[in-house]
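Let me begin by presenting the structure, written as structure tokens, before commenting on it.
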Amino acid sequence: MPVINRIADFHADMTEWRHDLHRHPELALQEHRTSQVVQDKLRSFGVDEIHTGLATTGVVGVIRGREPGPAIGFRADMDALPILEETGAAYASETPGVMHACGHDGHTTMLLGAARYLAETRNFAGTIYVIFQPAEERHGGAGIMVREGLFERFPMQQVFGMHNWPSAPEGVFLWRDGPVMAAVATIEITVTGTGAHGAMPHAGVDPILVSAAIIQAFQSIIARNVDPTEGGVVTIGAINGGHIHNVIPETVSMMGTARWFAPSVGDILESKVKSLATSIADGFGAKAEVAFERVYPATVNDPEAMAMARRAAEAVQGEARVQHMARPTMGGEDFSFMLNEKQGAYMMLGGGRGAHDANVHHPKYDFNDALLPVGASWFCTLAEQLLPRTA
Ligand SMILES: [Zn+2]
Ligand SMILES: [Zn+2]
């Protein structure tokens, strides 16, 4: 069973929906228009129930089969990024500085396409929940929905999600058991020294020098504290201090990110970032305040659910286009909050059009519309394979 014919029939409609969402991107927890579009479409498809208000703009649609039975959930994310679009597309963002640079417009559209087909056909016994979550890029909308009772209000056996993947060839599904995306923490450090004339450094404590020593020392955490067979990242991505040639400033602030898979590695990164920063600052006669905030857990696929997801992908695209993902990525994903609570799996769907295709989070990135019927068919095939079939 390749791409479902009925879904291929409305490829043009889905493309139109995707371009409309692309024109009107909204940042995390501000997806009011997007949420309304989703609700209106679900209503027009005849979805049985539409629930709103979870995590501010989240939407859950309920599609009941011809008979009662088990329940599964499908999840899409709806938010955009604070990036100035450079695609030159006819349907480019009409909101300067905000853009769908991660393809969540495509994810939302694929799940809408699936909802349309499933509400129309209902060839199953049981219930399907289509979950449209806000704030994947920041604030962890999936975690908010879970904390607000997603799985209590909508009890389901499994939950599935996917992400388009421009660095893999178009239409190739990637699967992986266990960790697939990393846990994420943000790091914020303020180093306070004593300001002085730049020509009289002995009269102060230079927080710029202290910060340089801290950043150097951080490189030893992965190299010398983490087991070499495990993965981890500590990156300082921003450093701000001082404003003129001849003044030693009072403070320097730094921002960074840490990534890992194994919880024990996360503990090492947190304790070393804190202890190195504070003890180095102390040694120099300065003071460091460190905040290490764990924002997303690692995204870990359940092998049994992954096998279900693979089987559906193989039915849609053929075995040759369902490939093992050799390594996980250090990117983060808040679907992890759902997978921490519920059996489920997360797949990547290749969207690469050529060697020079921009990757997600790039101002020239644009979701590949060829994937729309493929992703929608994957959701629907999963539903029809997992839930008992009715005549
Ligand atoms: Zn993203
Ligand atoms: Zn994304």
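The values are calculated or read from the model by the stated rules, or taken from the named source; none is laboratory data. Quantities reported herein were computed from a predicted structural model and do not represent experimental measurements. Note: ideal-geometry Cβ built from the backbone for every residue, glycine included; neighbour counts use all protein chains shown. Note: accessible area is taken over every heavy atom of the protein model, side chains too, but ligands, DNA and RNA are not part of it. Shrake-Rupley method; radii C 1.70, N 1.55, O 1.52, S 1.80 Å.
Observations
- Per residue, in Å², the accessible surface of the stretch 157-233 once ligands and nucleic acids are set aside, probe 1.4 Å: 43
- Shape class for the stretch 168-219, computed from the alpha carbon gyration tensor (a ≥ b ≥ c): prolate, with a/c not under 1.5 and a/b above b/c.
- Accessible carbon and sulfur surface of the stretch 288-391 relative to its total accessible area, %, 1.4 Å: 48
- The dipole here belongs to the chain: it is taken about the Cα centre, uses +1 on the Cβ of Lys and Arg and -1 on the Cβ of Asp and Glu, and is about 540 debye.
- In the stretch 173-324, taking the dipole from charged Cβ atoms about the Cα centre, the farthest positive-side position among 254, 307, 286 is held by 307.
- Rounded to the nearest 10 degrees, the angle from helix 104-121 to the longest Cα principal axis of the chain is 20 degrees.
- For the stretch 77-228, the equivalent ellipsoid derived from the alpha-carbon gyration tensor has semi-axes of 45, 22, 17 Å in decreasing order.
- Local charge for residue 306 was computed over the other residues whose Cβ lies under 10 Å away, with Lys and Arg +1 and Asp and Glu -1, and equals 0.
- Structural descriptor for the stretch 1-130: relative contact order 35 percent, calculated from alpha carbon pairs under 8 angstrom and at least 6 residues apart.
- Lys/Arg +1, Asp/Glu -1 at C-beta; the chain dipole; positive extreme among 236, 371, 197: 371
- Helix 263-284 vs. the chain, principal-axis angle (Cα, 0 to 90°, nearest 10): 20
- For the stretch 243-296, the Rg and Dmax computed from alpha carbons only, in angstrom: 14.2, 45
- Taken over the alpha carbons of the stretch 1-139 as equal point scatterers, the Debye sum produces base-10 log I(q)/I(0) values at 0.11, 0.15, 0.16 Å⁻¹ of -0.40, -0.72, -0.80.
- Gap separating the Cα centres of the stretch 10-63 and the stretch 107-175, nearest whole Å: 12
- Taking the square roots of 5 times each eigenvalue of the Cα gyration tensor of the stretch 87-126, largest first, gives ellipsoid semi-axes of 32, 9, 7 Å.
- Net charge, residue 292 excluded, C-beta distance under 13 Å - Lys, Arg +1, Asp, Glu -1: -1
- The distance from the alpha carbon centre of the stretch 315-391 to that of the stretch 199-221 is 45 Å, rounded to a whole number.
- Rg ratio (alpha-carbon, reference 2.2 N^0.38 Å) - the chain: 1.11
- Spatially proximal aspartates and glutamates relative to residue 287 (Cα-Cα < 13 Å; intrachain offsets below 8 disregarded): 206, 250
- Charges were assigned to the Cβ only: +1 to each Lys and Arg, -1 to each Asp and Glu. The resulting dipole of the stretch 286-357 about its Cα centre is roughly 180 debye.
- Ranked by the mean number of other Cβ atoms within 10 Å of their residues, highest first, the peptides 121-134, 199-212 fall in the order 121-134, 199-212.
- Highest average packing first - 282-289, 353-360, 136-143, 317-324, Cβ atoms within 10 Å: 136-143, 282-289, 317-324, 353-360
- Overall form of the stretch 138-260 per C-alpha gyration tensor (a/c, 1.5; a/b vs b/c): prolate
- Start at zero, step by 5 Å, and the Cα-Cα distances of the stretch 282-391 spread as 2, 9, 14, 17, 18, 14, 8, 5, 4, 3, 2, 2, 1, 0, 0, 0 percent across the bins.
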